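S.K.: Dumping the structure here so I can ask a few things about it.
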Amino acid sequence: MATVSESVHGMWSSRLMFILAAAGSAVGLGNIWRFPYVAGENGGGAFVLVYLLCIALIGIPIMSAEIMLGRAGRRSPINSMQALAARSGASPLWELIGWMGALAGFMILSFYGVIAGWAMYYVFESGVGTFVGATGEVATSTFNEFTGNPAQVVGWQSVFMALTVLIVARGVGEGLERTVKYLMPALFILLLVLVGYSMSTGYFGDGLQFLFGFNFEKLTWGGVLMAMGQAFFTLSLGMAAIMTYGAYMPQDSSIVGTAAMVAGLDTMVALLAGMVIFPLVFANGLESSAGPGLMFVTLPLAFGQMPGGQVFGTVFFVLVSFAAITSSISLVEPAVAWLVERLGVTRRRAAIIVGGISWFVGLGSAFSFNIWSEATAFGGMTFFDVMDYVSNNILLPVGGMLIAIFAAWILDDDVRHSEIGIIGERYTLWSMLVGVVAPLAVGIVFVMTIF
Ligand code: PHE
């Protein structure tokens, strides 16, 4: 394999653009919708601590491994893994990392598009003032009526998926980079505005106490698995999205430093989102363990009781929609890049195919809240629950573990050294984390959860 320094799909114009794109992928519904409710369901503090440990000890090492493999391969994950395995004299089976990633990507995008559609709908619902002074009943029935209507849910899912396809169809520079360049700074500003608003509730301290008070009695091994799955999901790891973005990264950027920066930004947004949501929840005497509806029922209700809530509530859902779109494009890109390489179809057609399949699978998740809400398996899980659980808690950690093992043990030494760009003690530490700590930690959590 000759070393290529450019990808055929295009390149990020600078290291900063890579950071914005990768942070755009990482920061999404995982931070604002999923993190607070999963933390809430698992009792707060101790869960958050395990989550932070997973980010530092598993997330950052695996993210650097993914970026490295992507940049060394410079093509879609499936083809990069194929080329790198051949170059390293390893079994062609390693290509499976790419295939598993594509599968996880379709599964995630299918439910992601549904929830993102809800967020877009809530921009309008908040904007017209539905929640101003609303009671709990109004907030609940607004949510139930909306999610109970399959046509509405599928309609908004379709709008969101169409936007995703449109952006990806325009390419790496014109589509992806241009989107993250404007939306990410906007997102950070909106978030800070909302944190300020939340501080004015007088319940900010209660929010902090909930997020950082370590109540270990509430934490189970199941909760630890959720924290680890959340770390993978929120950093977009284990499914080769970041590998794909790495393939478009300039050759002279440092990988480990960049990975730490992206993970830092992502963690900051999740914690800030928690600091926005929980004070509002407590200020209004609501439940922190409300589940997936936390952001859609509890929060509008809280905004509805507060001065300026109509404006800030609308701003909040705009923020969530922005965050979702900069993530969904990274769920589509790996499969699109592969289709372009493999079948030689245009990027536009590839984006339509990938988006179309995810949209179709997503119908199952859209219907999980209405016509298929009774169709459950594995002890009461709907189609949506199964997609979410299997992709986040199984496929991503397994994918991440294999990526780490390949990067640390299998990959050709020359490639690894020339890409990773650190030497001496720092290199030893890095290879310990990637090759031993991260895979072992994933393995231990799996074993403990099963028993
Ligand atoms: N990280 C995204 C989020 O937090 C979700 C995602 C997962 C995106 C995997 C790409 C790949 O919302």
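The values are calculated or read from the model by the stated rules, or taken from the named source; none is laboratory data. Just so it is clear, the structure is predicted and the values come from calculations on it, not from any experiment. Methodologically, a virtual Cβ is constructed for each residue, glycine included, from the backbone with ideal geometry; neighbour enumeration extends over all protein chains shown. For accessibility, only protein heavy atoms count, side chains too; no ligands or nucleic acids. Shrake-Rupley method; radii C 1.70, N 1.55, O 1.52, S 1.80 Å.
S.K.: Counting only residues that are open to solvent by 10 Å² or more (accessible area, probe 1.4 Å) and more than 13 Å from Val180 (Cα to Cα), which one in the range 16-42 is modelled with the lowest pLDDT?
M.R.: Out of the qualifying residues, it is Glu41.
S.K.: From the list Asp414, Asp385, exactly one residue is out of contact with any helix residue (DSSP H, G or I) (no Cβ under 8 Å at 6 or more places or on another chain), over 30 Å from Tyr121 (Cβ atoms) and charged (D, E, K, R). Which is it? Walk me through it before giving the result.
M.R.: Numbers: Asp385 fails: over 30 Å from Tyr121 (Cβ atoms).
It is Asp414.
Yes or no, residue by residue, for (1) over 22 Å from Gly213 (Cα atoms); (2) out of contact with any Cys (no Cβ under 8 Å at 6 or more places or on another chain):
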position: Met228; (1), (2): no, no
position: Leu237; (1), (2): yes, yes
position: Ala240; (1), (2): yes, yes
position: Met249; (1), (2): yes, yes
position: Val256; (1), (2): yes, yes
position: Asp266; (1), (2): no, yes
position: Leu272; (1), (2): no, yes
position: Val276; (1), (2): no, yes
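S.K.: State which residue is nearest to the ligand (Cβ to nearest atom) when the search covers only the range 200-244 and only residues that are among the aromatic types (Phe, Trp, Tyr) and not in a loop (DSSP other than H, G, I, E, B). Break it down into steps so the answer makes sense when it comes.
M.R.: Just the residues of the range 200-244 that are among the aromatic types (Phe, Trp, Tyr), to begin with: 203-204, 210, 212, 214, 216, 221, 232-233.
Going one step further and asking which of them are not in a loop (DSSP other than H, G, I, E, B), we end up with 204, 210, 212, 216, 221, 232-233.
Details: Phe204: 24, Phe210: 21, Phe212: 21, Phe216: 26, Trp221: 23, Phe232: 8, Phe233: 5 Å.
Checked the range 200-244; the qualifying residue nearest to the ligand (Cβ to nearest atom) is Phe233.
S.K.: While we're looking at this one, here's another question. Tell me which of these Trp99 doesn't satisfy, since it passes every other one: (1) surrounded by fewer than 21 Cβ atoms within 10 Å (Cβ to Cβ); (2) over 20 Å from the mean Cα position of the chain (by Cα); (3) part of a helix (DSSP H, G or I); (4) of a type outside the set (A, V, I, L, M).
M.R.: (2)
To keep it simple, each residue is scored yes or no on (1) within 21 Å of the chain's Cα centre (by Cα); (2) more than 22 Å from Leu219 (Cα to Cα).
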| residue | (1), (2) |
| --- | --- |
| Met381 | no, no |
| Asn392 | yes, no |
| Ala408 | no, yes |
| Gly435 | no, yes |
| Ile444 | no, no |
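S.K.: Further question: Which one is surrounded by the most Cβ atoms within 10 Å (Cβ to Cβ) among residues in the range 137-165 that are free of Cβ contacts under 8 Å to residues at least 60 places away in the same chain and within 22 Å of the chain's Cα centre (by Cα)?
M.R.: Going through the qualifying residues, I end up with Trp156.
S.K.: Report yes if Ala323 is of a type in the set (A, V, I, L, M, F, W, C), at pLDDT below 95 and surrounded by fewer than 21 Cβ atoms within 10 Å (Cβ to Cβ), otherwise no. Don't jump to the end; show me each part of the working.
M.R.: Working: of a type in the set (A, V, I, L, M, F, W, C): yes; at pLDDT below 95: yes; surrounded by fewer than 21 Cβ atoms within 10 Å (Cβ to Cβ): no.
Taking the combined requirement at face value, the residue does not satisfy it.
S.K.: Also: Open to solvent by 10 Å² or more (accessible area, probe 1.4 Å), assigned to a helix (DSSP H, G or I) and within 16 Å of the ligand (Cβ to nearest atom): does that describe Tyr51? Explain how you work it out, then say what you get.
M.R.: Working: open to solvent by 10 Å² or more (accessible area, probe 1.4 Å): no; assigned to a helix (DSSP H, G or I): yes; within 16 Å of the ligand (Cβ to nearest atom): yes.
Here the answer is no, as Tyr51 does not meet what is asked.
S.K.: How many of the residues in the range 341-357 are surrounded by fewer than 24 Cβ atoms within 10 Å (Cβ to Cβ) and either among the β-branched types (Val, Ile, Thr) or within 16 Å of the ligand (Cβ to nearest atom) (or both)? Please lay out each step first, then the result.
M.R.: Initially, the range 341-357 is screened for residues surrounded by fewer than 24 Cβ atoms within 10 Å (Cβ to Cβ), giving 341-349, 352-353, 356-357.
Applying the additional criterion that residues be either among the β-branched types (Val, Ile, Thr) or within 16 Å of the ligand (Cβ to nearest atom) (or both) yields 345-346, 352-353, 357.
Residues that pass the stated criteria total 5.
S.K.: Continuing with this model, one more query. Check Thr258 against each of (1) more than 16 Å from the ligand (Cβ to nearest atom); (2) open to solvent by 30 Å² or more (accessible area, probe 1.4 Å) and name the one condition it does not meet.
M.R.: (2)
S.K.: Pick from the range 102-127 the residues that are more than 16 Å from the ligand (Cβ to nearest atom) and of a type outside the set (D, E, K, R): which of them is most open to solvent (accessible area, probe 1.4 Å)?
M.R.: Initially, the range 102-127 is screened for residues more than 16 Å from the ligand (Cβ to nearest atom), giving 121-127.
Then keep just the ones that are of a type outside the set (D, E, K, R); that gives 121-124, 126-127.
Working: Tyr121: 33, Tyr122: 0, Val123: 31, Phe124: 123, Ser126: 11, Gly127: 35 Å².
Per the criteria, the residue is Phe124.
S.K.: Let me ask you something else. What tally of residues in the range 281-340 results from selecting those that are hydroxyl-bearing (Ser, Thr, Tyr), away from the ligand (no atom under 16 Å from the Cβ) and not in a loop (DSSP other than H, G, I, E, B)? I'd like the intermediate steps shown before the answer.
M.R.: Step one: list which residues in the range 281-340 are hydroxyl-bearing (Ser, Thr, Tyr), which gives 288-289, 298, 314, 321, 326-328, 330.
With the extra rule that they be away from the ligand (no atom under 16 Å from the Cβ), the set shrinks to 288-289, 298, 314.
Okay, now just the ones that are also not in a loop (DSSP other than H, G, I, E, B), so 298, 314.
Looking only at that region, the number is 2.
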